[in-house]
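The values are calculated or read from the model by the stated rules, or taken from the named source; none is laboratory data. The structure presented is a predicted model; accordingly, all values stated were derived computationally and were not measured. Heads up, the Cβs are rebuilt from the backbone with ideal geometry, glycines too, and the neighbour counts pull from every protein chain shown.
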Amino acid sequence: MTGTTILYVEDNEDNAYMLSRRLGRRGYTVIVATDGGAGVTKAEELIPDIILMDLNLPVMDGWAATKMLRKNSVTSSIPVIAVSSHALPGEREIALEAGCNEYETKPIDFNKLLTKIRLLLGETDSQKTNVQ
């Protein structure tokens, strides 16, 4: 997992801080963008290994940002996990149609999210850490 970069597109400072710290303790480098437009720009510049995309964002929402990422040859293959408080029926499907690979609702179940991240990154059990 060394050198794995996660772009977390999240406008809520508390959410960004909490999840960034928890992922950092697992050895991930987390870069935060606070709106969809900044997320697209950072993804193009940094080419992260995976993106956690809030859906309800200022400037450009997560659905539109993900669609833009998928249309760009530089970012089209980066896995995207939608992270949203939208738990209504059909929201997961809408996120997947926009190009997200996975969907996780808030409040985030950290272990579930970590499992999704590891699967999308193709990490093996030997790369897992036990740090909480």
When region 70-90 is examined, which residues are found to be closer than 19 Å to Asn56 by Cβ and free of Cβ contacts under 8 Å to residues at least 24 places away in the same chain?
-> Ala87, Leu88, Pro89, Gly90
Return only the number of the condition from (1) over 21 Å from Asn12 (Cβ atoms); (2) touching a Phe, Trp or Tyr at 6+ places or on another chain (Cβ under 8 Å) that Ala98 does not satisfy.
-> (1)
Here are some conditions: (1) modelled with pLDDT of 95 or more; (2) surrounded by 12 or more Cβ atoms within 10 Å (Cβ to Cβ); (3) assigned to a loop (DSSP other than H, G, I, E, B); (4) out of contact with any helix residue (DSSP H, G or I) (no Cβ under 7 Å at 6 or more places or on another chain). Glu123 meets all but one. Which one does it not meet?
-> (1)
Can you work out which of the residues in region 47-66 that are part of a helix (DSSP H, G or I) and within 14 Å of the chain's Cα centre (by Cα) is nearest to Gly90 (Cα to Cα)?
-> Trp63
Do we find that Leu69 is modelled with pLDDT of 95 or more, surrounded by fewer than 18 Cβ atoms within 10 Å (Cβ to Cβ) and closer than 16 Å to Leu7 by Cβ in this structure?
-> no
Give region 74-98 a look and list any residue that's modelled with pLDDT of 90 or more, over 12 Å from the mean Cα position of the chain (by Cα) and part of a loop (DSSP other than H, G, I, E, B), or say none.
-> Val74, Thr75, Ser76, Ser77
Looking for whichever is surrounded by fewer than 14 Cβ atoms within 10 Å (Cβ to Cβ) and within 18 Å of Lys116 (Cβ to Cβ) here; the options are Gly90, Gly24, Gly99. Which one fits?
-> Gly24
Which is touching a Pro at 6+ places or on another chain (Cβ under 6 Å), crowded, with 16+ Cβ neighbours inside 10 Å, under 26 Å from Arg26 (Cα atoms) and among the hydrophobic types (A, V, I, L, M, F, W, C), of Ile81, Ile50, Ile108?
-> Ile50
Select from region 26-46 the residues that are touching a Ser or Thr at 6+ places or on another chain (Cβ under 7 Å), β-branched (Val, Ile, Thr) and farther than 17 Å from Asp14 by Cβ and list them in ascending order.
-> Thr29, Ile31
